[in-house]
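Here is the structure we will look at.
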Amino acid sequence: MKKKLILYSHRIREQLWFRPFLFCLFSVMAALIANKADGFGIEDMVPDVEQESIGSLLDIISASMLVISIFAVTSMISAFSSASNTATPRSFKVVVTDDVSQNALSVFIGAFIFSIVATIALDNGYYGKSGRFILFLITLTLFAAVILTFLRWVDRISRLGRLEHTIKQIERVVTRSLSKYLEHPTRKGRAIEGEWENALAVYANETGYVQHLHLELLQELAEDEDLNIRLNCLPGKFIHENHPIAYYRSKGEADVVRIGTEVCEAITMGETRHFDEDPRFGLIALTEIASRALSPGINDPGTAIQIIGSHERLFFQWNSKDEQADRPEVEYDRIEVPELSVEDFFEDAFRPIARDGAGNIEVMLRLQKTLSSIYTIADPQLQKYALQHSEQAYRRAEASIDAEKDLQTLRDACLFLHRGQVSA
């Protein structure tokens, strides 16, 4: 249950309103806590700050922060719209969680709330001599924080939503997700071994995407009911109500109703996919940007080439995979978890680009070079599908490119035609 709450807290923290809400609470506390200084007996040690001086500074903050906050929200919405229109609508989830923008909006709104609360308290004689001095220091500190935040935010908002910056943001998110997956391909459960006979199925109770697997809940259920559970879904998979999401075997009498209910509760589902536990979704988002760039209306092969480079960097995480990953720790020994297919990674990353860029020699050359690079990674699965996609990409290009010289150039770069040279 603790991990389930942590997951929900992560989802809440991704919401645009969450940080401004917290900063508003801190602002109210800061405005009111200055009054506590009047009871510490430091009146003779601090200067007497005029109420009008603090009031003028608070008036400046309150008058300007509301305008800046509105401007910040407008700029962020414009950036989000730009990211969705120029990249892919799937990039919205990444762009909206930009830390710099969220922190800036939080500071601006929090400063406005602070100034309003402090002004009301000041006008009603809430602060003594010491309280006014502490309030003055807090106000100066907040004013400096607003200026520094604004300068940093102006630099970020000038790039937020732009295509190149959006690509980098998505690549960073996919890098974390893929690294997490490669570290624990079975999510600390057991790998699937052999076929099960006389296993009972648990069917989904709703239709949608799998977003998260609560393996700790499944482990507790398996221990209570003396079960072994084999999952039949992973985050990112779209399932329906007639789809078996898990199978289980029991050594004795099992509470079928409880098992079905708790297995469904342990598998979080929703209408959309999330990047953090679904590395394939990140590859799909990047590839969608390349496909859009290769459309006749945009015709931007340079962006597609940049995306291919992003894919190459992502696939090279297999190159640095720890040898211990072949023997990952098993924390949930009663749960068998399927692994993602390497073939699916290749299909998500390269098939749409090979299809949409088949007639562009520059894109095809970059794709063949990337597949040749991936083939150098000492992983049989990667090498197998790199060869397959090299040939598939070439066949598509062969059917689309008329210039024989371009085709010859492409043949010279093809992995499947020069495999021995690449491996050497």
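Considering the stretch 238-248 alone, what residues qualify as being buried (at least 17 other Cβ atoms within 10 Å of the Cβ) and under 27 Å from the mean Cα position of the chain (by Cα)?
Matches in the stretch 238-248: Ile239, Ile245, Ala246.
Taking the stretch 120-136 as the region of interest, how many residues are open to solvent by 30 Å² or more (accessible area, probe 1.4 Å) and under 10 Å from Ile54 (Cβ atoms)?
The number of residues fulfilling the criteria is 3.
Is it true that Arg396 is of a type in the set (Lys, Arg), modelled with pLDDT of 95 or more and closer than 18 Å to His311 by Cα? Quick ask: steps written out before the conclusion?
On the way: of a type in the set (Lys, Arg): yes; modelled with pLDDT of 95 or more: yes; closer than 18 Å to His311 by Cα: no.
The answer is no for Arg396.
Yes or no, residue by residue, for (1) over 30 Å from Asp300 (Cα atoms); (2) modelled with pLDDT of 95 or more; (3) of a type in the set (Ser, Thr, Tyr):
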site: Arg156; (1), (2), (3): no, no, no
site: Thr166; (1), (2), (3): no, no, yes
site: Lys188; (1), (2), (3): yes, no, no
site: Glu195; (1), (2), (3): yes, no, no
site: His214; (1), (2), (3): yes, no, no
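Which residues, taken from the stretch 67-101, are in a helix (DSSP H, G or I), touching a Leu at 6+ places or on another chain (Cβ under 9 Å) and hydrophobic (A, V, I, L, M, F, W, C)?
If the condition is that a residue be in a helix (DSSP H, G or I), touching a Leu at 6+ places or on another chain (Cβ under 9 Å) and hydrophobic (A, V, I, L, M, F, W, C), then Ala72, Val73, Met76, Ala79, Phe80, Ala83, Val95, Val100 are the ones that fit.
Quick check: anything in the stretch 306-316 surrounded by fewer than 20 Cβ atoms within 10 Å (Cβ to Cβ), of a type outside the set (Asp, Glu) and either at positive phi or free of Cβ contacts under 8 Å to residues at least 60 places away in the same chain (or both)?
no
Quickly run through the stretch 236-258 and pick out the residues that are among the aliphatic types (A, V, I, L, M) and more than 24 Å from Glu277 (Cβ to Cβ).
Hits for the stretch 236-258 are Ala254, Val256, Val257.
Can Val117 be described as among the β-branched types (Val, Ile, Thr), touching a helix residue (DSSP H, G or I) at 6+ places or on another chain (Cβ under 9 Å), more than 30 Å from Thr261 (Cβ to Cβ) and open to solvent by 20 Å² or more (accessible area, probe 1.4 Å)?
yes
Of everything in the stretch 249-305 that's in a helix (DSSP H, G or I), among the small types (Gly, Ala, Ser) and within 24 Å of Val94 (Cβ to Cβ), which residue is most open to solvent (accessible area, probe 1.4 Å)?
Gly302
Residue under question is Arg395, and the condition is that it be within 27 Å of the chain's Cα centre (by Cα), in a helix (DSSP H, G or I) and not aliphatic (A, V, I, L, M); does it hold?
no
For residues in the stretch 69-90 being under 20 Å from the mean Cα position of the chain (by Cα) and under 21 Å from Ser106 (Cβ atoms), which is surrounded by the most Cβ atoms within 10 Å (Cβ to Cβ)?
Selected residue: Ala83.
Checking Arg366 against (1) closer than 21 Å to Pro279 by Cα; (2) buried (at least 21 other Cβ atoms within 10 Å of the Cβ), which test does it fail?
With (1) closer than 21 Å to Pro279 by Cα; (2) buried (at least 21 other Cβ atoms within 10 Å of the Cβ) applied to Arg366, the lone miss is (1).
Could you please give the count of residues in the stretch 189-208 that are in a strand (DSSP E or B) and surrounded by 15 or more Cβ atoms within 10 Å (Cβ to Cβ)?
Of the residues in the stretch 189-208, 6 are in a strand (DSSP E or B) and surrounded by 15 or more Cβ atoms within 10 Å (Cβ to Cβ).
Quick one: which residue in Ser82, Ser64, Ser101 is without any contact (Cβ under 8 Å) to a residue 40 or more places away in the chain and hydroxyl-bearing (Ser, Thr, Tyr)?
Ser64
Return the pair list, or none, for Cβ contacts closer than 8 Å from residues in the stretch 172-185 that are of a type in the set (A, V, I, L, M, F, W, C) to residues that are exposed (fewer than 15 other Cβ atoms within 10 Å of the Cβ), at least 6 apart or on different chains.
Correct list of pairs: Leu182/Ala325.
To keep it simple, each residue is scored yes or no on (1) assigned to a helix (DSSP H, G or I); (2) under 20 Å from Pro47 (Cβ atoms); (3) not basic (Lys, Arg).
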| residue | (1), (2), (3) |
| --- | --- |
| Asn103 | yes, no, yes |
| Ile120 | yes, no, yes |
| Arg132 | yes, yes, no |
| Leu135 | yes, yes, yes |
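I'd like to check something: does the stretch 268-283 contain any residue that is touching a Lys or Arg at 6+ places or on another chain (Cβ under 7 Å), touching a residue at least 40 places away in the same chain (Cβ under 8 Å) and farther than 25 Å from Ala399 by Cα?
Going residue by residue through the stretch 268-283, those that are touching a Lys or Arg at 6+ places or on another chain (Cβ under 7 Å) are 275, 281.
Then keep just the ones that are touching a residue at least 40 places away in the same chain (Cβ under 8 Å); that gives 275, 281.
Now restrict to residues that are farther than 25 Å from Ala399 by Cα: 275, 281.
Checking the stretch 268-283: at least one residue is touching a Lys or Arg at 6+ places or on another chain (Cβ under 7 Å), touching a residue at least 40 places away in the same chain (Cβ under 8 Å) and farther than 25 Å from Ala399 by Cα.
Among the residues of the stretch 146-165, write down those that are closer than 27 Å to Ala304 by Cβ, open to solvent by 60 Å² or more (accessible area, probe 1.4 Å) and part of a helix (DSSP H, G or I).
Within the stretch 146-165, Glu164 is the sole residue that qualifies.
Listed here are the residues, each with its yes/no results for (1) modelled with pLDDT of 65 or more; (2) in contact with a strand residue (DSSP E or B) (Cβ under 6 Å, 6 or more places away or on another chain); (3) open to solvent by 60 Å² or more (accessible area, probe 1.4 Å).
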{"site": "Met1", "(1), (2), (3)": "no, no, yes"}
{"site": "Lys4", "(1), (2), (3)": "no, no, no"}
{"site": "Arg11", "(1), (2), (3)": "no, no, no"}
{"site": "Trp17", "(1), (2), (3)": "yes, no, yes"}
{"site": "Met29", "(1), (2), (3)": "yes, no, yes"}
{"site": "Ile42", "(1), (2), (3)": "yes, no, no"}
{"site": "Pro47", "(1), (2), (3)": "yes, no, yes"}
{"site": "Ala63", "(1), (2), (3)": "yes, no, yes"}
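The values are calculated or read from the model by the stated rules, or taken from the named source; none is laboratory data. Computed from a prediction, not measured in an experiment: that's the story for all the values here. Because the Cβ atoms are built from the backbone with ideal geometry, glycine has one as well, and the counts that use them run over all protein chains shown. The area values use the complete protein model at the heavy-atom level, side chains included, leaving out ligands, DNA and RNA. Shrake-Rupley method; radii C 1.70, N 1.55, O 1.52, S 1.80 Å.
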